[in-house]
Amino acid sequence: METHPRHTGPDRAADPGTADADRSAMVFPGMGPQDFGSVGKFMLIDPEAARLVAEASDVLGYDLFLRYRDSEADYAEPAQVSFLVVCLTLAGWAEEHLGADPAYCTGPSFGGKAAAVHSGALGFRDAVRLTAQLARYEKEYFGREHPGVLTQSFARTPPEALAEIRAELDELGEWHEISCELDTDFVMLSLRAERLRWLQQRIRAAGGLPLYTVDPPAHCRAFGPLRDRVEAELFPQLTFTDPTVPVVADQDGSVRTTADGVRTMLLDGFVRTVRWPTVVRALAERGVRELHVCGPDSLFGRVPVVRDTFRVIPVEPRTVLNPRRRPVAV
């Protein structure tokens with residue numbers, strides 16, 4: 001039997017639109033490299049996290065915690081499922097202990113799956129299956145079709161400087177696509193690994209700051225065959241329902257209030273750029289003034305475009321493990 005999130009707020013299947021009253025939204029961050037020490041401790045100690053770990057283990061047919069502990073890659077299958085579990089646990093905790101009552105959910109990149117679950121559009125067990133199967137599909141697909149393609153994140157790079165860098169890549173005949181826009185000067189660019197060092201050097205020369213590299217890459221038009229295969233082979237196994245909380249799509253800020261809308265959003269994540277500033281504007285235009293960012297996050301709740309727009313309340317494993325330290329808006 002599918003389990004669903006612990007959301008207990010009113011049913012907001014329709015977009016509440018704009019109003020004078022301030023609203024809050026639930027944000028499930030994209031996945032980055034995790035500290036197993038803190039995340040693993042949370043998965044063991046928190047009763048709800050432990051329950052979801054046990055349920056996920058039942059779905060997967062292996063002990064999720066042990067497999068996560070023994071995995072080496074940042075984005076290995078058990079790491080991805082564990083991130084999903086942690087984010088959903090933290091969202092339930094925020095509603096129960098902080099009074100979070102989101103008018104909207106959103107989840108940039110990987111966070112879209114957690115948003116789909118917490119909104120009520122996708123069951124937890126289905127989301128675990130999807131996350132694990134996608135990890136396998138992506139490993140096989142990128143190893144065969146796009147070997148050596150990576151996604152590099154970098155900050156403090158003015159748009160005009162990025163335009164010059166991309167023009168140089170065009171002149172060199174190098175394929176490249178923007179995978180994610182996090183702020184006006186903070187993006188993720190996908191390209192061949194052979195050009196990674198060149199890109200990092202050009203970014204530094206332009207005054208920018210290269211950050212971490214994501215492997216496998218994501219969110220590019222070139223990955224259409226992967227989207228098509230996932231839609232044909234994986235999604236027919238899933239059951240989507242209309243969300244009880246509207247979901248804001250990370251590609252364009254549109255509000256999804258139907259099962260098909262959320263389903264399409266997840267599929268489009270393979271081929272469409274994540275445009276986080278667009279999501280920020282969409283939420284602000286609908287009266288959102290406060291964000292609960294539920295999950296280990298070093299990016300999406302911290303960039304200036306978010307902090308300058310909302311009251312941000314980070315909800316992380318240490319928030320729950322240290323109950324005397326209530327989360328402070330940043």
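Readers should treat all values here as calculations from the given coordinates under stated rules, not as data from a laboratory. Only a predicted model underlies this, so the values are computations on that prediction, with no experimental measurement involved. All Cβ positions, glycine included, derive from the backbone under ideal geometry; neighbour counts span all protein chains shown.
When a footprinting reagent is the concern and you count Cβ atoms within 10 Å, what order do Cys180, Cys87, Cys294 take, fewest first?
Lowest count first: Cys180, Cys87, Cys294.
Figure the gain on full extension for Glu231 and Glu96 (residue separation times 0.36 nm, minus the Cα-Cα span) and round it to one decimal in nm.
45.1 nm
So if I take the centroid of the Cα atoms in the range 289-313 and the same for the range 219-275, what is the distance between those two points in Å?
Using only Cα atoms, the two centres lie 23 Å from each other.
Per the Kirkwood definition applied to all pairs of different Cα atoms, how many angstroms is the hydrodynamic radius of the range 181-250?
One decimal place: 15.6 Å for the Kirkwood radius.
If each residue's Cβ is checked for other Cβ atoms within 10 Å, how do Val320, Val81 rank with the fewest at the top?
Ascending Cβ contact count within 10 Å gives the list Val320, Val81.
Quick check: from the Cα gyration tensor, does the range 149-214 come out rounded (a/c under 1.5), prolate or oblate?
Rounded, since a/c falls under 1.5.
Which residue, Leu88, Leu182, Leu238, has the most motion in a Gaussian network model of the chain that connects Cα atoms within less than 10 Å?
Leu238
What is the Cα coordinate range of the chain on the first, second and third principal axes, sorted by size from largest, in whole angstrom?
Taking max minus min along each principal axis of the Cα atoms, the chain gives 54, 48, 39 Å.
Work out the charge dipole of the chain with +1 on the Cβ of Lys and Arg and -1 on the Cβ of Asp and Glu about the Cα centre, then indicate which of Gln200, Trp276, Asn322 is farthest towards its positive end.
Checked the options; the winner is Asn322.
Treating the angle as unsigned and between 0 and 90°, give the value, to the nearest 10°, between the Cα long axis of helix 36-45 and the longest Cα principal axis of the chain.
10 degrees
Compute the angle between helix 77-97 and the longest alpha-carbon principal axis of the chain, please, reported from 0 to 90 degrees and rounded to the nearest 10.
Taking the Cα atoms of the chain, the angle to 77-97 is about 50 degrees.
Counting each DSSP H run of 4 or more residues in the chain as -39500 (n - 2.57), what helix-only mean residue ellipticity at 222 nm follows after dividing by all residues, to the nearest 500 deg cm²/dmol?
Calculated from helices alone, the mean residue ellipticity at 222 nm is -13000 deg cm²/dmol.
Using DSSP, restrict attention to beta bridges with both residues in the chain and report what percent are antiparallel, rounded to the nearest 5.
55 percent
Over the chain, calculate the relative contact order: mean separation of alpha carbon pairs under 8 Å at least 6 apart, over the residue count, as a percent.
26 percent
Which net charge results when you count Lys and Arg as +1 and Asp and Glu as -1 among the other residues whose beta-carbon is under 10 Å from that of Val293?
Spelling it out: positives minus negatives among the neighbours equals -1.
What order do you get for Val262, Val85 when you list them from fewest to most C-beta neighbours inside 10 Å?
Val262, Val85
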